[in-house]
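What follows is a single structure, written as structure tokens, with notes after it.
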Amino acid sequence: MNKSKLELLNLKIQTRRKELRNKINIDFFWVIKITSIAFIVALTFAIISETLIPNVNLIIGIIILIAFIMVGILFDMIGVAVTAADEAPFHSMSSRRVNGADVAVIFKKNADKVSSFCNDVIGDICGVISGSVGVIIASSISKSTGVENLTVSLLVTAIIASITIGVKAISKSFAINKSNIILYEFAKAVSYFYKPKK
């Protein structure tokens, strides 16, 4: 057995031991809950974009599009930060009754669920909705300029995708480097609406 195969086998053994130690179970209630939340959020965002965008002028439409993109990027950044953050400082802050620290501890303990909500529900839905808003904007530009709709749609879609991916790449690095601060600020904001049971 060559060295790379032996290393791969060792990795598989270590992974299996970790799985047995952590006893990873799928929380089907959480899966159903997050799927339902995703449906409601996606439907709400879709209704807003489909009813609002066609009835506003191009500039307002672009502002709404940018808002959807920025919300998606913000929540993607929060999802990465929660996963990358350290739990220990928040226990210390919570013991000193620092506002929001107890919420940060809860978020960190449930990092997989918080990350799933932020990245997959809000982040991905904003990405999908910004694409559909882009199509509506492209159609409006095509009508006002007389340029073929397909050409404008392709350009607008490419611009939206490139901006979103570029800014997300920057925000992910920022989220990893400033994870504790981002998690704390997010938890502090949430703590005004949610008080954990003592």
Problem set entry | Per-residue HN-Hα couplings for the range 101-110 [Karplus 6.51, -1.76, 1.60; θ = phi - 60°; Hz; x = Gly/Pro] | 5, 5, 5, 4, 4, 4, 4, 5, 5, 10
For this session: Translational diffusion coefficient, Stokes-Einstein: compute it for the range 33-117 using the Kirkwood radius over C-alpha pairs as Rh, at 37 °C and 0.692 mPa s, and state it as an integer in µm² s⁻¹.
Result: 215
Exercise. So how strong a dipole does the chain carry about its Cα centre when Lys and Arg Cβ are +1 and Asp and Glu Cβ are -1, to the nearest 20 debye?
Worked result: 1120
Exercise. How would you rank PHE45, PHE68, going from fewest to most other Cβ atoms within 10 Å of each one's own Cβ?
Worked result: PHE45, PHE68
For this session: Using the Cα centre as the reference, give the magnitude of the dipole from point charges on the C-beta atoms of the range 116-189 (Lys, Arg: +1; Asp, Glu: -1; all else neutral), rounded to the nearest 20 debye.
Result: 200
Seminar exercise, completed: Computed D for the range 27-191, Stokes-Einstein, Kirkwood radius over alpha-carbon pairs, 10 °C, 1.306 mPa s, to the nearest µm² per second, is 92
Exercise. Over the chain, what is the relative contact order in whole percent, taking alpha-carbon pairs under 8 Å and six or more residues apart?
Worked result: 30
Exercise. Does the range 140-182 come out rounded, prolate or oblate by the C-alpha gyration tensor, with a ≥ b ≥ c the root eigenvalues, rounded set by a/c under 1.5 and, if not, prolate when a/b is larger than b/c and oblate if not?
Worked result: prolate
For this session: Determine, for each peptide in 122-130, 149-157, 96-104, the mean count of other beta carbons within 10 angstrom over its residues, then list the peptides with the highest first.
Result: 122-130, 96-104, 149-157
Seminar exercise, completed: Note on the range 71-188: contact order normalised by length, alpha-carbon pairs under 8 Å, 6 or more apart, percent, works out to 46
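Readers should treat all values here as calculations from the given coordinates under stated rules, not as data from a laboratory. Keep in mind that this is a model prediction, so the values were computed, not measured. Virtual Cβ from ideal backbone geometry, glycine too; neighbours counted across all protein chains shown.
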